[in-house]
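A short worksheet on the structure shown next.
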Amino acid sequence: GATHPAMATLSPRSPGAASSCAAAPPRDAGEAEVLEALAEVGLRPADLASPTPKVRKALRGLRALSEDGVFAWERVVALARARADGVEDRQDQAFDVMDHEGRWIGRRARSEVHRGGYWHRAVHIWPLCPETGRVLVGQRAETKANDPGRWTCTCGRVLGGESSMDAAAELLSRELGFRPLMDSDLSLAFTLRCSHRIAKGLFAGHMDNTIIDVYLFKLEEEVPIEKVHVDESLKQKVRYIYIESLQQALSDGGEAFVVPPHKEYAPKLMMYMRRLCAVRSQAVVTARAKARALSGEADEDPECARDLAAARVPYLGVTCKAWRGSG
């Protein structure tokens, strides 16, 4: 496709980021260092996919690597295994490159996006039942390169040409078997820009600069765990957790849950979850009042009614229309 003029002027690692990436970046020094080190002991990258005793013996003679070389080693090993398993296409996934306000300015392969530190979009979806105040979380598969075995929400990248909300709906369907109604069940709560260096896997050592759209998926009632259709290649288990317990887990920064990508993430998430529960409480109060009026029953305690009414908040998040189409 055509290249946006901003692609030639923005610095990829600066706030608001996406820079000239018209040409594919050259192999970095770390990867060159790894290939040279492997050649010195008579090995090829493909030998790392499933090392034989002979390969392991040869690896003992591998020279020490620099910091960039260590990250590159992670990438080379991950790529060798991906090729052996026939799943190396993650590198070639097309991502839309964004500026810091989320405007599209180009499209590049995922490997280029991470190598250059270009900004792109991701989505997080938290299923919440306002009736019980519990959140459905999933435990990442042990085969995941990053945060294996940790509990988190449904999350993933937005592919090129895909809208944020469509990506969120597709991920919910694929991971958990839910099919949300747009703008009714699925609401955009907030958006954060997050940046960190990837530690493991195909993109180890590269920058992950993401504009994360965080959604809440409203469950009218809790779906029994045994009826949740979990994609076990992505999540090995699911369970419900109370909002208060989730807040504590995210604040503790322990090993059980994926650490939030930004210091503002957990406070914002808790605020919007509680708002959605408050909206539900107000709807229940209103429905009961109407039922009593029709039946001629006496009204409930006015003090209680006022307390619940005070919790009423506007519609969750911002309008989702802007996240559906191009632009």
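The values are calculated or read from the model by the stated rules, or taken from the named source; none is laboratory data. Computed from a predicted model, the values in this text were never measured in an experiment. Neighbour counts are summed over all protein chains in view; Cβ atoms, including those assigned to glycine, are modelled from backbone coordinates with ideal geometry. All accessible areas refer to the heavy atoms of the entire protein, side chains included, with ligands and DNA or RNA removed. Shrake-Rupley method; radii C 1.70, N 1.55, O 1.52, S 1.80 Å.
For segment 100-112, the condition holds for no residue, the condition being that it is farther than 19 Å from G253 by Cα, assigned to a helix (DSSP H, G or I) and without any contact (Cβ under 8 Å) to a residue 24 or more places away in the chain. I'd like the full set of residues that are under 18 Å from A199 (Cβ atoms) and in contact with a strand residue (DSSP E or B) (Cβ under 6 Å, 6 or more places away or on another chain), limited to segment 257-279. Correct list: F257, V258, P261, H262. Can you confirm whether T52 is more than 24 Å from L192 (Cβ to Cβ), modelled with pLDDT under 60 and of a type in the set (V, I, T)? No; evaluated as a whole, the condition is false for this residue.
Please specify each residue of segment 234-253 satisfying the condition of being of a type in the set (S, T, Y) and farther than 17 Å from K218 by Cα. Break it down into steps so the answer makes sense when it comes.
The initial filter retains those residues of segment 234-253 that are of a type in the set (S, T, Y), namely 240, 242, 245, 251.
Residues satisfying the conditions are S245, S251.
Of everything listed in (1) in a helix (DSSP H, G or I); (2) within 12 Å of T132 (Cβ to Cβ), the single unmet condition for E221 is (1). Among residues of segment 236-254 that are in contact (Cβ under 8 Å) with a residue 24 or more places away in the chain, those with a Cβ under 9 angstrom from a residue that is open to solvent by 60 Å² or more (accessible area, probe 1.4 Å) and part of a helix (DSSP H, G or I), sequence gap 6+ or separate chain, pair up as K237/I225; V238/I225; R239/I225; Y240/I225; I243/R274. Consider G253 carefully, then state whether it is under 18 Å from the mean Cα position of the chain (by Cα) and surrounded by fewer than 17 Cβ atoms within 10 Å (Cβ to Cβ). In short, yes.
Are any of the residues in segment 143-152 under 18 Å from E31 (Cβ atoms), polar (S, T, N, Q) and modelled with pLDDT of 80 or more?
Quick first cut of segment 143-152, residues under 18 Å from E31 (Cβ atoms) only: 145.
Imposing the further condition that a residue be polar (S, T, N, Q) reduces the set to none.
Checking segment 143-152: not a single residue is under 18 Å from E31 (Cβ atoms), polar (S, T, N, Q) and modelled with pLDDT of 80 or more.
Hey, any hits in segment 185-204 for a residue that's part of a strand (DSSP E or B), of a type in the set (G, A, S) and farther than 26 Å from Y242 by Cβ? Show your work before the answer.
First pass over segment 185-204, keeping only residues part of a strand (DSSP E or B): 186-197.
Those still in the list that are of a type in the set (G, A, S) too: 187, 189, 195.
When the remaining residues are screened for being farther than 26 Å from Y242 by Cβ, the result is 195.
Yes, segment 185-204 contains a residue that is part of a strand (DSSP E or B), of a type in the set (G, A, S) and farther than 26 Å from Y242 by Cβ.
Would you confirm, using the coordinates I've provided, whether E131 is assigned to a loop (DSSP other than H, G, I, E, B), more than 19 Å from the chain's Cα centre (by Cα) and surrounded by fewer than 23 Cβ atoms within 10 Å (Cβ to Cβ)? Spelling it out, E131 is indeed assigned to a loop (DSSP other than H, G, I, E, B), more than 19 Å from the chain's Cα centre (by Cα) and surrounded by fewer than 23 Cβ atoms within 10 Å (Cβ to Cβ). Taking (1) modelled with pLDDT under 75; (2) among the β-branched types (V, I, T); (3) more than 34 Å from the chain's Cα centre (by Cα) in turn, T3 satisfies each apart from (3). The residue list R27, R90 contains one member that is part of a helix (DSSP H, G or I), open to solvent by 70 Å² or more (accessible area, probe 1.4 Å) and at pLDDT below 70, which is R90. Of all the residues in segment 93-107, those that are open to solvent by 40 Å² or more (accessible area, probe 1.4 Å), at pLDDT 75 or above and touching a Phe, Trp or Tyr at 6+ places or on another chain (Cβ under 9 Å) number 1.
This table checks each residue for (1) small (G, A, S); (2) within 17 Å of Q139 (Cβ to Cβ).
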| residue | (1), (2) |
| --- | --- |
| D208 | no, no |
| V238 | no, yes |
| E244 | no, no |
| V258 | no, yes |
| A278 | yes, no |
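Considering E175, E170, which residue is surrounded by fewer than 19 Cβ atoms within 10 Å (Cβ to Cβ) and either modelled with pLDDT under 90 or within 30 Å of K227 (Cβ to Cβ) (or both)? Only one candidate qualifies: E170.
The residue that is least open to solvent (accessible area, probe 1.4 Å), counting only those in segment 30-67 that are over 30 Å from R108 (Cβ atoms) and among the basic types (K, R), is R63.
For segment 163-184, a residue qualifies if it is outside any helix (DSSP H, G or I), out of contact with any strand residue (DSSP E or B) (no Cβ under 7 Å at 6 or more places or on another chain), of a type outside the set (S, T, N, Q) and free of Cβ contacts under 8 Å to residues at least 40 places away in the same chain, and the qualifying residues are R179, L181.
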